[in-house]
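Here is the structure we will look at, set down as structure tokens.
The values are calculated or read from the model by the stated rules, or taken from the named source; none is laboratory data. Computed from a predicted model, the values in this text were never measured in an experiment. Note: ideal-geometry Cβ built from the backbone for every residue, glycine included; neighbour counts use all protein chains shown. For accessibility, only protein heavy atoms count, side chains too; no ligands or nucleic acids. Shrake-Rupley method; radii C 1.70, N 1.55, O 1.52, S 1.80 Å.
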Amino acid sequence: MTDEQTSGALTPTRDAALSRPDFPVARVARRLGLDPEGAELALRDDERVRAALAHSVEEFLAADDDRRAGRPPSSELALDPDFPTGVGMALVGAAVLWEARDLVPKVALRVAKDHYEDGADELAASYVALVQESVEPGERSDDDALAWAAQSLLVSVLQRSGDPARADEIARDLAAHAIPIDLWRDDDPTLPDDSLAWHGGAFVGGIPPRRDERRLSFEDVHDYMNTLMADMQREQAAEDDGRG
């Protein structure tokens, strides 16, 4: 954690985002479980926002587990009309904006799977890249399993999106490290005992998720955040018009 994060001071990027006149303060606060009343002040309290974000991520993962298992929703978040993909995207965007990098991988992988299952391969590949941008190598860590799961999903994305040679290259890398090709299908992936304990191989040569060959970096997601916030602002305006 940086000194800036420890002190609770806003980064220039976060301050600029929150200062935008079209930033949907109330909607973001609701997504994070914060009271919309006084939300402008609450969203400038980094410690409070990260705590709320961590709780929302935990709630999202539990609700998504219920959905995938066919169980009825047990939380208010699961009743959101944008659940699961839109809610997951918003949480990933908030985690990026508030630099809660540790909260990104699990949700981003779920979002990537949703996009793949919806046929949106470029979006799926971008979220795969975001998973990998957000993890750190370690021995037998959850991050390792998430990185490899994202890599296994990328094989399926590339096979369908017309790059079988690249898909085969990554599939061979998975096999060389004893990683199941369908690891991404596990809701909470874990590495087999006989697999490599670190995910360095997953980054050999880099992963170009976009057709323009540019990799989505952690910082690039701020561009996506601007689009997301504009969309949320339009949705809120529509809701306000409906109530009027």
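Condition check: among the acidic types (Asp, Glu) and buried (at least 19 other Cβ atoms within 10 Å of the Cβ). Does Asp64 satisfy that?
It is true that Asp64 is among the acidic types (Asp, Glu) and buried (at least 19 other Cβ atoms within 10 Å of the Cβ).
Just the residues that are of a type in the set (A, V, I, L, M, F, W, C), part of a helix (DSSP H, G or I) and over 18 Å from the mean Cα position of the chain (by Cα), please, taken from the range 12-28.
Of all residues in the range 12-28, those of a type in the set (A, V, I, L, M, F, W, C) come to 16-18, 23, 25-26, 28.
Applying the additional criterion that residues be part of a helix (DSSP H, G or I) yields 16-18, 25-26, 28.
Within the range 12-28, Ala16, Ala17, Leu18, Val25, Ala26 qualify.
For the range 95-105, enumerate the residues that are among the hydrophobic types (A, V, I, L, M, F, W, C) and either modelled with pLDDT of 90 or more or not in a helix (DSSP H, G or I) (or both).
Residues satisfying the conditions are Ala95, Trp98, Ala100, Leu103, Val104.
Okay, residues lined up against (1) acidic (Asp, Glu); (2) assigned to a helix (DSSP H, G or I); (3) in contact with a Pro (Cβ under 7 Å, 6 or more places away or on another chain):
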| site | (1), (2), (3) |
| --- | --- |
| Arg30 | no, yes, yes |
| Gly33 | no, no, no |
| Glu37 | yes, no, no |
| Leu41 | no, yes, no |
| Leu53 | no, yes, no |
| Asp65 | yes, yes, no |
| Pro72 | no, no, no |
| Ala78 | no, yes, no |
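Determine whether Ala108 is in contact with a Phe, Trp or Tyr (Cβ under 6 Å, 6 or more places away or on another chain), in contact (Cβ under 8 Å) with a residue 24 or more places away in the chain, in a helix (DSSP H, G or I) and aliphatic (A, V, I, L, M).
yes
Limited to the range 90-125, what total is found for residues that are over 14 Å from Phe60 (Cβ atoms) and open to solvent by 10 Å² or more (accessible area, probe 1.4 Å)?
Of the residues in that region, 12 qualify.
I need every pair where a residue in the range 175-189 that is over 21 Å from Lys106 (Cα atoms) has its Cβ under 6 Å from the Cβ of a residue that is open to solvent by less than 30 Å² (accessible area, probe 1.4 Å) and part of a loop (DSSP other than H, G, I, E, B), sequence separation at least 6 or different chains.
Close Cβ pairs satisfying both conditions: His177/Ser195; Ala178/Ser195.
When the range 29-60 is examined, which residues are found to be closer than 12 Å to Ala95 by Cβ and of a type outside the set (Phe, Trp, Tyr)?
Step one: of the range 29-60, the residues closer than 12 Å to Ala95 by Cβ are 31-32, 49-50, 52-54, 56-57, 60.
Matches in the range 29-60: Arg31, Leu32, Val49, Arg50, Ala52, Leu53, Ala54, Ser56, Val57.
Which of the residues belonging to the range 166-183 are open to solvent by less than 70 Å² (accessible area, probe 1.4 Å) and more than 17 Å from Asp144 (Cβ to Cβ)?
Correct list: Arg166, Ala167, Ala171.
Looking for whichever is hydrophobic (A, V, I, L, M, F, W, C) and over 10 Å from the mean Cα position of the chain (by Cα) here; the options are Leu158, Leu109. Which one fits? First the steps, then the outcome.
Details: Leu109 fails: over 10 Å from the mean Cα position of the chain (by Cα).
None of the other options fit; the residue is Leu158.
Would you confirm, using the coordinates I've provided, whether Ala149 is out of contact with any strand residue (DSSP E or B) (no Cβ under 6 Å at 6 or more places or on another chain) and open to solvent by 20 Å² or more (accessible area, probe 1.4 Å)?
no
Which of the residues belonging to the range 38-58 are among the charged types (D, E, K, R), open to solvent by 40 Å² or more (accessible area, probe 1.4 Å) and over 19 Å from Glu76 (Cα atoms)?
The answer is Glu40, Arg44, Asp45, Glu47, Arg48.
With the checklist (1) without any contact (Cβ under 8 Å) to a residue 40 or more places away in the chain; (2) crowded, with 24+ Cβ neighbours inside 10 Å in hand, flag the one item Val128 doesn't pass.
Only one criterion is unmet by Val128, namely (1).
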